[in-house]
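The values are calculated or read from the model by the stated rules, or taken from the named source; none is laboratory data. None of these values were measured; they are calculated from a predicted model. Note that each Cβ is placed from the backbone with ideal geometry, even for glycine, and that neighbours are counted across all protein chains shown. Areas reflect the complete protein model, heavy atoms only, side chains present, ligands, DNA and RNA absent. Shrake-Rupley method; radii C 1.70, N 1.55, O 1.52, S 1.80 Å.
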Amino acid sequence: MILVAGIPSEPPLQEALDALSDLRADVVVLSQRRCAEIDLAFAVDSSGAVDGVLRIGRRHIALREVTGVYARLMDHRNIPEYQRLDVGDPERDRWAALNDTLAAWVDVAPGTIVNRSSAMASNGAKPYQGQLIARHGLLTPETLLTNDPEVAREFYASRPRVVFKSASGARSIVQTMEPGDLERLGTLRACPVQFQTWVPGTDVRVHVVGSEVFATAITTTATDYRYATAQVEEPARLEPHELDDDVAQRCVALTADLGLEFAGIDLKITPDGEVYCFEVNPSPAYTYFSGQTKQPIPEALARHLLAA
Amino acid sequence: MAGTDLEYAVLCGPEDGSALWAAGRLRDRGVALRVVTVEELVYAPSIRYATVGTGVVTEVRLGDGTVLGPNLRGTLNRVARLPSAHLEATPSTERDYMLQELHAVLVSLLHAWPGVVVGRADPRGLCGAWWRPAEWMVAAGQAGLVGVGYRSGGSDEVPSSQTVLVVAGEVVTPSGVEVPEAVVAGSRTLAARHGGGLLGLDFAVESAAWAFQSGTAWPDLRPGGEAVVDALHAALSAREPVPA
């Protein structure tokens, strides 16, 4: 049995559910919007084995029967049905406890778990993740983290183009550093900032599902292709890309080494053919890519979940 | 030590009595270390983390000119929290973002920290991964330890516990207590899997049967006495990276 958990109307979950349905998979859907109808309890025995029960409405599921999980869990505090509960309503505590239990179970459940929160943690510290990426023989952009305005100024002055971006998992727009930004370097004192040498070339998003690889080339002149329309008033163009076998295998090995079953890896291939890796997204919104390129990513995800 | 390059450091909060105790005992053994508080670290005038080829160089210059950089040989890392006093006047959404950023910076910096580090940072903990109770219990079982078990949403009464410390792969057992060999071996395996280099493992002991209860990457070191100081001294003095 496959458990799909999160917000079912969200495109990545919806397309995975459609693909699982096409394969006639036995699927149970846990909607975080319907926590009022859900109970979850699990235990770990003296040998470390995990079992428990999930109730959704009138259906009771023995957790030992769940062989695969696709979870894209939202912070329950952002779910409208939770926000509509009165402050002080005990149901709020129950929602919090349920979501905490769900996250804890996903971390220890046997089977194919896409993805465990423990494995997703590296995304919260991108320079740290960069250290792991470098061990897999992929180039990483020259990076500086600093709270020292003089060090930042020197980095900027000695490179043709520098960008700055968040170091954590917080979503931010990659920005090219401009001369006017030098006046703001004093604010680094409150919190160090990540600067990187800008790498020219073609952005390539690689989705790894187990050992399957789907590469998508992104053509745009924007600094951050995700915001191409806002930055250069033209959307990015996405096309399937044939990735070099060696690079593809490095992406598969990196994904496995991070403990991930499914990942979205951001590469850039320079005009000289060098391959830089920027980050590994452990909860990729893959439908942005598969929707435009028709690459069968949801089908691969469904197969991977069923292969357990 | 103003204006000098440090060779040995203990990184900790000023309230961390356990780290301060270890620092004092290591100094008594002639280790010329300095305690660097997490506030000194985060509020340092210059923090620099730079990639060089496939590696990383880190350097922190403290307010008094002391440099924590490539000359560091050994560090006991007990950083367990982020200082946030400097952000008190910052609007809450911006403060949350800055704390996330600061966490990412410290994890990255302390993971790449030069020399031997006991308590290597992980994205799930500044001095080593903080696991959920269920995760500890599953990992203990996989390491060959018998556990007391875990139930979501509740806990059973358990008998009084014994703490075993694991320092850089060496299992330090309580003085005068006979610890079964299987527990020593399992503790070593669990520590290797954890990877931080410093663990405290609690066991329920009843009729000579040891059952794993819980673990932490931020244990009280003092119950380990001189044996834990011996293990720290050996680890920090090692020329090669130490095992977890």
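Just a few scattered comments:
- Selection of the stretch A:160-193 for residues being over 19 Å from B:L109 (Cα atoms), open to solvent by 30 Å² or more (accessible area, probe 1.4 Å), part of a loop (DSSP other than H, G, I, E, B) and in contact with a helix residue (DSSP H, G or I) (Cβ under 7 Å, 6 or more places away or on another chain) yields only A:I173.
- Considering only residues in the stretch A:194-234 that are open to solvent by 40 Å² or more (accessible area, probe 1.4 Å) and either in a strand (DSSP E or B) or aromatic (F, W, Y) (or both), the one that is nearest to A:Q292 (Cα to Cα) turns out to be A:T219.
- Unique match (being outside any loop (DSSP other than H, G, I, E, B), over 22 Å from A:Y286 (Cα atoms), touching a Phe, Trp or Tyr at 6+ places or on another chain (Cβ under 8 Å) and modelled with pLDDT of 95 or more) among A:W95, A:W105: A:W105
- Residue in the stretch B:181-197 that is surrounded by 18 or more Cβ atoms within 10 Å (Cβ to Cβ), within 14 Å of chain A (Cβ to nearest Cβ) and touching a Cys at 6+ places or on another chain (Cβ under 8 Å) present: yes
- Residue in the stretch B:140-155 that is open to solvent by 40 Å² or more (accessible area, probe 1.4 Å), charged (D, E, K, R) and more than 8 Å from chain A (Cβ to nearest Cβ) present: no
- Taken as a whole, the condition of being surrounded by fewer than 24 Cβ atoms within 10 Å (Cβ to Cβ) and more than 9 Å from every other protein chain (Cβ to nearest Cβ) applies to A:A157.
- Those residues of the stretch A:109-120 which are within 11 Å of A:S283 (Cα to Cα) and either facing chain B (nearest Cβ under 7 Å) or open to solvent by less than 30 Å² (accessible area, probe 1.4 Å) (or both), in sequence order: A:V114, A:N115, A:A119
- Unique match (being of a type in the set (A, V, I, L, M, F, W, C) and within 21 Å of A:S166 (Cα to Cα)) among B:L76, B:L41, B:L68: B:L41
- Qualifying residue in the stretch A:69-84 (condition: open to solvent by 20 Å² or more (accessible area, probe 1.4 Å), in contact with a Pro (Cβ under 9 Å, 6 or more places away or on another chain), assigned to a loop (DSSP other than H, G, I, E, B) and within 14 Å of another protein chain (Cβ to nearest Cβ)): no
- Cβ-Cβ under 9 Å pairs, at least 6 apart or on other chains, the stretch A:137-159 side assigned to a helix (DSSP H, G or I), far side among the small types (G, A, S): A:P149/A:G186; A:E150/B:S46; A:V151/B:S46; A:V151/B:A50; A:F155/B:A50
- In the stretch A:44-61, residue surrounded by the most Cβ atoms within 10 Å (Cβ to Cβ) [restricted to those that are of a type outside the set (K, R) and under 15 Å from A:V4 (Cα atoms)]: A:L54
- Criterion violated by A:A263 - all others in (1) open to solvent by less than 10 Å² (accessible area, probe 1.4 Å); (2) modelled with pLDDT under 95 satisfied: (2)
- Any hit, the stretch A:189-198, residues being under 30 Å from A:H304 (Cβ atoms) and within 13 Å of chain B (Cβ to nearest Cβ): no
Quick grid of which residues meet (1) under 27 Å from A:V162 (Cβ atoms); (2) aromatic (F, W, Y):
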position	(1), (2)
A:D224	yes, no
A:T229	yes, no
A:T255	no, no
A:K268	yes, no
A:F278	yes, yes
A:S283	no, no
A:Q295	no, no
A:A302	no, no
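- Residues of the stretch B:175-207 satisfying the condition of being on the phi > 0 side of the Ramachandran plot and either among the hydroxyl-bearing types (S, T, Y) or free of Cβ contacts under 8 Å to residues at least 12 places away in the same chain (or both): B:G176, B:S207
- With respect to the conditions (1) in contact with a His (Cβ under 8 Å, 6 or more places away or on another chain); (2) open to solvent by less than 20 Å² (accessible area, probe 1.4 Å), A:A96 lacks only one, and its number is (2).
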